[in-house]
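Comments concern the structure below.
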Amino acid sequence: MMDLQDKSALVAGGGGGIGRAVALALARAGAKIAVADIAKENAEKVKFEVQSLGMRAMACPVDLTKKAEVDRMVGEIIERFGQIDILVNCQGWDRLEPFVESSEETWEKLLAINFKSVLYTAHAVLPNMISHSFGKIVNISSDAGRVGSSWEAVYAGAKGAVIAFSKTIAREVARYKINVNVVCPGLTETPLLQAVRSQSEQTAKIIDAVTKATPFRRPAQPEEIAEAVLFLTSPQANFITGQTLSVSGGLTMV
Ligand SMILES: NC(=O)c1ccc[n+]([C@@H]2O[C@H](COP(=O)([O-])OP(=O)(O)OC[C@H]3O[C@@H](n4cnc5c(N)ncnc54)[C@H](O)[C@@H]3O)[C@@H](O)[C@H]2O)c1
(Lines give C-alpha, C1' and ligand atoms only; values in the text may rest on other atoms or scores of the structure.)
Protein backbone atom coordinates (compact mmCIF):
# COMPACT_ATOMS: atom_id res chain seq x y z
CA MET A 1 0.00 0.00 0.00
CA MET A 2 1.45 3.37 -1.08
CA ASP A 3 1.52 5.66 1.94
CA LEU A 4 1.95 9.41 1.51
CA GLN A 5 0.72 10.33 5.01
CA ASP A 6 2.10 13.72 6.16
CA LYS A 7 3.43 14.53 2.70
CA SER A 8 2.46 17.63 0.79
CA ALA A 9 2.33 17.69 -2.98
CA LEU A 10 2.26 20.36 -5.65
CA VAL A 11 0.41 19.08 -8.70
CA ALA A 12 1.15 21.54 -11.52
CA GLY A 13 -1.48 21.39 -14.25
CA GLY A 14 -3.67 19.75 -11.62
CA GLY A 15 -6.85 21.05 -13.23
CA GLY A 16 -6.30 18.95 -16.38
CA GLY A 17 -7.17 15.37 -17.21
CA ILE A 18 -3.98 13.66 -16.02
CA GLY A 19 -3.30 16.29 -13.32
CA ARG A 20 -6.72 15.77 -11.74
CA ALA A 21 -6.22 11.99 -11.64
CA VAL A 22 -2.76 12.48 -10.09
CA ALA A 23 -4.11 14.89 -7.46
CA LEU A 24 -6.83 12.42 -6.46
CA ALA A 25 -4.47 9.41 -6.41
CA LEU A 26 -1.93 11.20 -4.18
CA ALA A 27 -4.72 12.47 -1.91
CA ARG A 28 -6.14 8.95 -1.51
CA ALA A 29 -2.64 7.87 -0.39
CA GLY A 30 -2.76 10.57 2.30
CA ALA A 31 -1.03 13.62 0.80
CA LYS A 32 -2.09 17.25 1.10
CA ILE A 33 -2.49 18.72 -2.38
CA ALA A 34 -1.84 22.11 -3.96
CA VAL A 35 -3.64 22.18 -7.31
CA ALA A 36 -1.92 24.67 -9.63
CA ASP A 37 -3.47 25.57 -12.96
CA ILE A 38 -4.11 28.53 -15.24
CA ALA A 39 -7.71 27.31 -15.50
CA LYS A 40 -8.86 28.68 -12.15
CA GLU A 41 -12.27 26.99 -12.10
CA ASN A 42 -10.78 23.57 -12.81
CA ALA A 43 -8.18 24.04 -10.07
CA GLU A 44 -11.02 24.94 -7.64
CA LYS A 45 -13.06 21.93 -8.76
CA VAL A 46 -10.19 19.51 -8.15
CA LYS A 47 -9.47 21.17 -4.79
CA PHE A 48 -13.07 20.43 -3.73
CA GLU A 49 -12.78 16.85 -4.98
CA VAL A 50 -9.63 16.34 -2.90
CA GLN A 51 -11.31 17.90 0.13
CA SER A 52 -14.29 15.60 -0.29
CA LEU A 53 -11.84 12.70 0.15
CA GLY A 54 -11.12 14.22 3.57
CA MET A 55 -7.70 15.62 2.65
CA ARG A 56 -6.33 19.15 2.84
CA ALA A 57 -6.12 21.00 -0.47
CA MET A 58 -5.54 24.44 -1.89
CA ALA A 59 -6.15 25.82 -5.38
CA CYS A 60 -3.42 27.95 -6.94
CA PRO A 61 -4.42 29.89 -10.04
CA VAL A 62 -1.13 30.49 -11.86
CA ASP A 63 0.45 30.92 -15.25
CA LEU A 64 3.27 28.38 -15.00
CA THR A 65 5.13 30.03 -17.89
CA LYS A 66 5.77 33.09 -15.68
CA LYS A 67 8.70 32.51 -13.32
CA ALA A 68 7.70 35.26 -10.86
CA GLU A 69 4.19 33.80 -10.53
CA VAL A 70 5.59 30.32 -9.91
CA ASP A 71 8.02 31.61 -7.25
CA ARG A 72 5.22 33.48 -5.46
CA MET A 73 2.90 30.46 -5.57
CA VAL A 74 5.53 28.09 -4.18
CA GLY A 75 6.12 30.55 -1.32
CA GLU A 76 2.40 30.53 -0.52
CA ILE A 77 2.21 26.72 -0.55
CA ILE A 78 5.19 26.42 1.81
CA GLU A 79 3.57 28.96 4.13
CA ARG A 80 0.30 26.96 4.15
CA PHE A 81 1.62 23.37 4.18
CA GLY A 82 5.01 23.94 5.88
CA GLN A 83 6.98 22.30 3.10
CA ILE A 84 6.72 20.66 -0.31
CA ASP A 85 7.66 16.97 -0.51
CA ILE A 86 6.30 16.04 -3.93
CA LEU A 87 6.19 17.92 -7.23
CA VAL A 88 4.36 16.51 -10.24
CA ASN A 89 4.45 18.53 -13.46
CA CYS A 90 1.30 17.72 -15.45
CA GLN A 91 0.86 20.97 -17.37
CA GLY A 92 1.04 20.80 -21.12
CA TRP A 93 -0.22 22.02 -24.45
CA ASP A 94 -0.03 20.70 -27.99
CA ARG A 95 -1.12 21.53 -31.50
CA LEU A 96 -0.51 19.22 -34.44
CA GLU A 97 0.91 20.64 -37.66
CA PRO A 98 3.77 19.94 -40.07
CA PHE A 99 6.96 21.60 -38.79
CA VAL A 100 7.53 23.55 -42.02
CA GLU A 101 4.10 25.15 -41.66
CA SER A 102 4.52 26.08 -37.98
CA SER A 103 5.31 29.59 -36.74
CA GLU A 104 7.87 30.84 -34.27
CA GLU A 105 5.01 32.08 -32.10
CA THR A 106 3.71 28.52 -31.76
CA TRP A 107 7.23 27.22 -30.98
CA GLU A 108 7.58 29.77 -28.18
CA LYS A 109 4.26 28.71 -26.67
CA LEU A 110 5.05 25.00 -26.96
CA LEU A 111 8.48 25.45 -25.35
CA ALA A 112 7.18 27.72 -22.60
CA ILE A 113 4.35 25.45 -21.47
CA ASN A 114 5.95 22.06 -22.05
CA PHE A 115 9.54 22.77 -20.99
CA LYS A 116 10.27 26.13 -19.37
CA SER A 117 7.44 25.77 -16.84
CA VAL A 118 9.12 22.55 -15.64
CA LEU A 119 12.34 24.52 -15.01
CA TYR A 120 10.39 27.16 -13.08
CA THR A 121 8.57 24.75 -10.77
CA ALA A 122 11.69 22.65 -10.14
CA HIS A 123 13.81 25.76 -9.48
CA ALA A 124 11.24 27.13 -7.04
CA VAL A 125 10.62 23.87 -5.16
CA LEU A 126 14.10 22.29 -4.98
CA PRO A 127 15.59 24.64 -2.33
CA ASN A 128 12.78 23.64 0.03
CA MET A 129 13.24 19.92 -0.71
CA ILE A 130 17.02 20.26 -0.25
CA SER A 131 16.52 22.03 3.09
CA HIS A 132 14.57 19.08 4.51
CA SER A 133 16.51 16.39 2.61
CA PHE A 134 13.51 14.80 0.97
CA GLY A 135 11.75 15.10 -2.33
CA LYS A 136 10.03 13.26 -5.15
CA ILE A 137 9.69 14.95 -8.50
CA VAL A 138 7.78 13.34 -11.35
CA ASN A 139 7.65 15.12 -14.69
CA ILE A 140 5.08 14.12 -17.28
CA SER A 141 6.74 13.98 -20.67
CA SER A 142 5.41 11.98 -23.63
CA ASP A 143 6.38 9.04 -25.81
CA ALA A 144 6.70 11.75 -28.50
CA GLY A 145 9.74 12.98 -26.56
CA ARG A 146 11.36 9.53 -26.71
CA VAL A 147 10.75 8.42 -30.28
CA GLY A 148 9.38 11.44 -32.14
CA SER A 149 5.89 11.89 -33.51
CA SER A 150 4.63 13.29 -36.84
CA TRP A 151 3.26 16.85 -36.70
CA GLU A 152 4.57 17.28 -33.17
CA ALA A 153 8.19 18.30 -33.84
CA VAL A 154 8.51 21.14 -31.34
CA TYR A 155 6.26 19.49 -28.73
CA ALA A 156 8.42 16.34 -29.03
CA GLY A 157 11.56 18.49 -28.71
CA ALA A 158 10.23 20.09 -25.54
CA LYS A 159 9.24 16.71 -24.11
CA GLY A 160 12.69 15.30 -24.94
CA ALA A 161 14.19 18.26 -23.13
CA VAL A 162 12.09 17.40 -20.05
CA ILE A 163 13.63 13.92 -20.06
CA ALA A 164 17.26 15.14 -20.37
CA PHE A 165 16.67 17.86 -17.76
CA SER A 166 15.14 15.35 -15.31
CA LYS A 167 18.08 12.94 -15.65
CA THR A 168 20.57 15.73 -14.96
CA ILE A 169 18.67 17.07 -11.95
CA ALA A 170 18.36 13.49 -10.67
CA ARG A 171 22.17 13.28 -10.60
CA GLU A 172 22.56 16.68 -8.95
CA VAL A 173 20.09 16.22 -6.08
CA ALA A 174 20.36 12.52 -5.21
CA ARG A 175 22.70 13.50 -2.34
CA TYR A 176 19.70 15.23 -0.71
CA LYS A 177 17.50 12.11 -1.00
CA ILE A 178 15.50 13.64 -3.81
CA ASN A 179 14.25 11.40 -6.62
CA VAL A 180 13.49 12.76 -10.09
CA ASN A 181 11.70 10.59 -12.62
CA VAL A 182 9.66 10.92 -15.79
CA VAL A 183 6.41 9.32 -16.88
CA CYS A 184 5.68 9.22 -20.61
CA PRO A 185 2.03 8.72 -21.50
CA GLY A 186 0.96 7.63 -24.95
CA LEU A 187 -2.54 8.63 -26.01
CA THR A 188 -4.63 9.39 -22.94
CA GLU A 189 -8.33 10.33 -22.85
CA THR A 190 -8.18 13.94 -21.64
CA PRO A 191 -9.38 17.38 -22.80
CA LEU A 192 -5.98 17.82 -24.52
CA LEU A 193 -6.49 14.69 -26.65
CA GLN A 194 -10.05 15.84 -27.45
CA ALA A 195 -8.71 19.21 -28.60
CA VAL A 196 -6.04 17.63 -30.81
CA ARG A 197 -8.52 15.13 -32.23
CA SER A 198 -11.02 17.82 -33.18
CA GLN A 199 -8.39 20.15 -34.68
CA SER A 200 -8.94 18.80 -38.21
CA GLU A 201 -9.80 15.71 -40.22
CA GLN A 202 -6.07 14.94 -40.59
CA THR A 203 -5.34 15.17 -36.86
CA ALA A 204 -8.28 12.84 -36.16
CA LYS A 205 -6.70 10.39 -38.63
CA ILE A 206 -3.31 10.64 -36.92
CA ILE A 207 -4.88 9.91 -33.51
CA ASP A 208 -6.69 6.96 -35.05
CA ALA A 209 -3.42 5.65 -36.54
CA VAL A 210 -1.58 5.99 -33.22
CA THR A 211 -4.43 4.14 -31.47
CA LYS A 212 -4.02 1.30 -34.00
CA ALA A 213 -0.24 1.31 -33.44
CA THR A 214 -0.82 0.83 -29.70
CA PRO A 215 -0.73 -2.90 -28.87
CA PHE A 216 -3.63 -2.44 -26.41
CA ARG A 217 -5.58 -0.64 -29.20
CA ARG A 218 -6.95 2.14 -26.99
CA PRO A 219 -5.92 5.38 -25.28
CA ALA A 220 -5.14 5.24 -21.56
CA GLN A 221 -7.52 6.52 -18.94
CA PRO A 222 -5.90 9.33 -16.88
CA GLU A 223 -6.10 7.13 -13.77
CA GLU A 224 -3.75 4.62 -15.44
CA ILE A 225 -1.09 7.34 -15.75
CA ALA A 226 -1.72 8.46 -12.16
CA GLU A 227 -1.02 4.95 -10.80
CA ALA A 228 2.54 5.09 -12.21
CA VAL A 229 3.05 8.59 -10.82
CA LEU A 230 1.78 7.48 -7.41
CA PHE A 231 4.29 4.62 -7.37
CA LEU A 232 7.19 6.95 -8.24
CA THR A 233 6.24 9.34 -5.40
CA SER A 234 5.94 6.52 -2.86
CA PRO A 235 8.57 5.02 -0.53
CA GLN A 236 8.39 1.88 -2.72
CA ALA A 237 10.35 3.85 -5.35
CA ASN A 238 13.03 5.25 -3.02
CA PHE A 239 15.89 3.72 -5.05
CA ILE A 240 14.55 4.71 -8.46
CA THR A 241 15.82 7.97 -9.95
CA GLY A 242 16.58 9.43 -13.37
CA GLN A 243 14.26 6.93 -15.03
CA THR A 244 11.73 7.31 -17.81
CA LEU A 245 8.66 5.09 -17.63
CA SER A 246 6.33 4.81 -20.62
CA VAL A 247 2.71 4.18 -19.71
CA SER A 248 1.43 3.89 -23.23
CA GLY A 249 -0.09 0.48 -23.80
CA GLY A 250 3.12 -0.70 -25.45
CA LEU A 251 3.24 2.09 -28.08
CA THR A 252 7.02 2.30 -27.56
CA MET A 253 9.21 -0.51 -26.27
CA VAL A 254 12.70 0.93 -26.53
N1 LIG B 1 -3.45 13.29 -23.32
C2 LIG B 1 -2.47 12.71 -24.01
O3 LIG B 1 -2.75 11.95 -24.95
C4 LIG B 1 -1.04 12.93 -23.63
C5 LIG B 1 -0.07 12.14 -24.24
C6 LIG B 1 1.28 12.30 -23.88
C7 LIG B 1 1.62 13.26 -22.96
N8 LIG B 1 0.65 14.05 -22.39
C9 LIG B 1 1.11 15.05 -21.41
O10 LIG B 1 0.43 14.83 -20.20
C11 LIG B 1 0.33 16.07 -19.47
C12 LIG B 1 -1.10 16.30 -19.06
O13 LIG B 1 -1.89 16.49 -20.23
P14 LIG B 1 -3.46 16.23 -20.29
O15 LIG B 1 -3.68 15.28 -21.38
O16 LIG B 1 -3.98 15.95 -18.92
O17 LIG B 1 -3.93 17.66 -20.81
P18 LIG B 1 -5.01 18.67 -20.23
O19 LIG B 1 -5.16 19.73 -21.26
O20 LIG B 1 -6.22 17.95 -19.79
O21 LIG B 1 -4.26 19.26 -18.95
C22 LIG B 1 -3.20 20.15 -19.04
C23 LIG B 1 -3.40 21.22 -17.99
O24 LIG B 1 -2.32 22.16 -18.06
C25 LIG B 1 -2.86 23.43 -17.81
N26 LIG B 1 -2.01 24.47 -18.35
C27 LIG B 1 -1.70 24.72 -19.65
N28 LIG B 1 -0.93 25.80 -19.74
C29 LIG B 1 -0.75 26.28 -18.49
C30 LIG B 1 -0.05 27.38 -17.93
N31 LIG B 1 0.62 28.25 -18.73
N32 LIG B 1 -0.06 27.56 -16.61
C33 LIG B 1 -0.75 26.70 -15.81
N34 LIG B 1 -1.42 25.63 -16.27
C35 LIG B 1 -1.42 25.43 -17.60
C36 LIG B 1 -4.21 23.41 -18.51
O37 LIG B 1 -5.07 24.44 -18.04
C38 LIG B 1 -4.70 22.02 -18.20
O39 LIG B 1 -5.49 21.99 -17.03
C40 LIG B 1 0.89 17.13 -20.41
O41 LIG B 1 2.24 17.38 -20.09
C42 LIG B 1 0.78 16.48 -21.77
O43 LIG B 1 1.70 17.03 -22.69
C44 LIG B 1 -0.66 13.90 -22.70
Of all helices (runs of 4 or more DSSP H) completely enclosed by the stretch 180-254, which ones contain at least 2 residues that are basic (Lys, Arg) and over 21 Å from residue 121 (Cα atoms)? 201-213
Sole residue being near the ligand (Cβ under 10 Å from one of its atoms), under 18 Å from residue 121 (Cα atoms), at pLDDT 95 or above and in a helix (DSSP H, G or I), chosen from 43, 68: 43
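Those residues that are outside any loop (DSSP other than H, G, I, E, B) and open to solvent by less than 10 Å² (accessible area, probe 1.4 Å), I need them from the stretch 74-98; list them, please.
Of the stretch 74-98, the ones outside any loop (DSSP other than H, G, I, E, B) are 74-81, 86-89.
Passing the criteria: 74, 77, 86, 87, 88, 89.
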Name the residue, out of 15, 30, 54, 19, that is in a loop (DSSP other than H, G, I, E, B) and buried (at least 20 other Cβ atoms within 10 Å of the Cβ). 15
So, in the stretch 174-203, how many residues would count as being open to solvent by 40 Å² or more (accessible area, probe 1.4 Å), touching a Ser or Thr at 6+ places or on another chain (Cβ under 9 Å) and not basic (Lys, Arg)? 2
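Looking at 144, 174, 220, which one is closer than 14 Å to residue 93 by Cα and at pLDDT 95 or above?
Exactly one of 144, 174, 220 is closer than 14 Å to residue 93 by Cα and at pLDDT 95 or above, namely 144.
The values are calculated or read from the model by the stated rules, or taken from the named source; none is laboratory data. What you see is a predicted model; the values in this text were computed from it and never measured. Heads up, the Cβs are rebuilt from the backbone with ideal geometry, glycines too, and the neighbour counts pull from every protein chain shown. Note: accessible area is taken over every heavy atom of the protein model, side chains too, but ligands, DNA and RNA are not part of it. Shrake-Rupley method; radii C 1.70, N 1.55, O 1.52, S 1.80 Å.
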